[in-house]
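What follows is a set of notes on a single structure, which appears directly below.
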Amino acid sequence: KQEVTQIPAALSVPEGENLVLNCSFTDSAIYNLQWFRQDPGKGLTSLLLIQSSQREQTSGRLNASLDKSSGRSTLYIAASQPGDSATYLCAVVHGGSARQLTFGSGTQLTVLP
Amino acid sequence: DGGITQSPKYLFRKEGQNVTLSCEQNLNHDAMYWYRQDPGQGLRLIYYSQIVNDFQKGDIAEGYSVSREKKESFPLTVTSAQKNPTAFYLCASSLPANEQFFGPGTRLTVL
């Protein structure tokens, strides 16, 4: 059974710092991997989707990488801002026909002004 | 505006009562999903539907039921058989095997 782990569970950084969030998964037979942002009491906002054949995706100050063979993905946030404070979740879609997302428990990021 | 709507935003249930959570999308997506989120945890899949009139159980389907009579709608019923229903419920939709988009969520509390 696929398991997704995110470390650290919480992270606090000063404004302007570059940071990396980590995601690992146990079964490398994934179809794609998605990073989400969740603000308190809100739904999820999709940040980046990486297909299994891709190595990375970029959107603005965000860069996500994928290493299927080692079962790892990272989300790099450049020049962090207080508005980046949120919980960041990664999720993988299994191979096969079901196309279900399995989520990690998230990293709660606080960017201090 | 294209998107996913969920209603109500807050829902209170008495012991032994069934309640239904609404999820509607106008993105023309074939697939729709229901997830449950407990405090400090990731999301767990309850049910999903890849096409109208068809749906499958996810990891934690016991105590829940769904229907998919229209492409745009995927309501979730929390039955009295669900012994610990207090949670945040999220609905999502996608094109087949593509990026999932989420609604704003419904917070269910048992009184």
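List of remarks:
- Near pairs, Cβ below 6 angstrom, 6+ apart or cross-chain, from the range A:79-107 (more than 14 Å from A:Val13 (Cα to Cα) and crowded, with 21+ Cβ neighbours inside 10 Å) to any residue that is modelled with pLDDT under 95 and among the aromatic types (Phe, Trp, Tyr): A:Leu89/A:Phe103; A:Ala91/A:Phe103; A:Val93/A:Tyr31
- Test: A:Asn63 is farther than 27 Å from B:Pro8 by Cα, surrounded by fewer than 12 Cβ atoms within 10 Å (Cβ to Cβ) and in contact with a Phe, Trp or Tyr (Cβ under 8 Å, 6 or more places away or on another chain): no
- Residue match in the range B:48-69 (condition: under 25 Å from A:Leu33 (Cβ atoms) and crowded, with 21+ Cβ neighbours inside 10 Å): yes
- The requirement of being without any contact (Cβ under 8 Å) to a residue 12 or more places away in the chain and farther than 22 Å from B:Asp38 by Cα is fulfilled nowhere in the range A:10-32; no residue meets it.
- Positions within the range B:92-109 being closer than 18 Å to B:Val66 by Cβ and either in contact with a Pro (Cβ under 9 Å, 6 or more places away or on another chain) or free of Cβ contacts under 8 Å to residues at least 40 places away in the same chain (or both), in sequence order: B:Thr106, B:Leu108
- Complete set of residues in the range B:1-17 that are not hydrophobic (A, V, I, L, M, F, W, C) and not in a loop (DSSP other than H, G, I, E, B): B:Thr5, B:Gln6, B:Ser7, B:Tyr10, B:Arg13
The values are calculated or read from the model by the stated rules, or taken from the named source; none is laboratory data. Please read all numbers here as calculations on a predicted model, not as lab measurements. Every residue, glycine among them, receives a Cβ derived from its backbone with ideal geometry; neighbour counts consider all protein chains shown.
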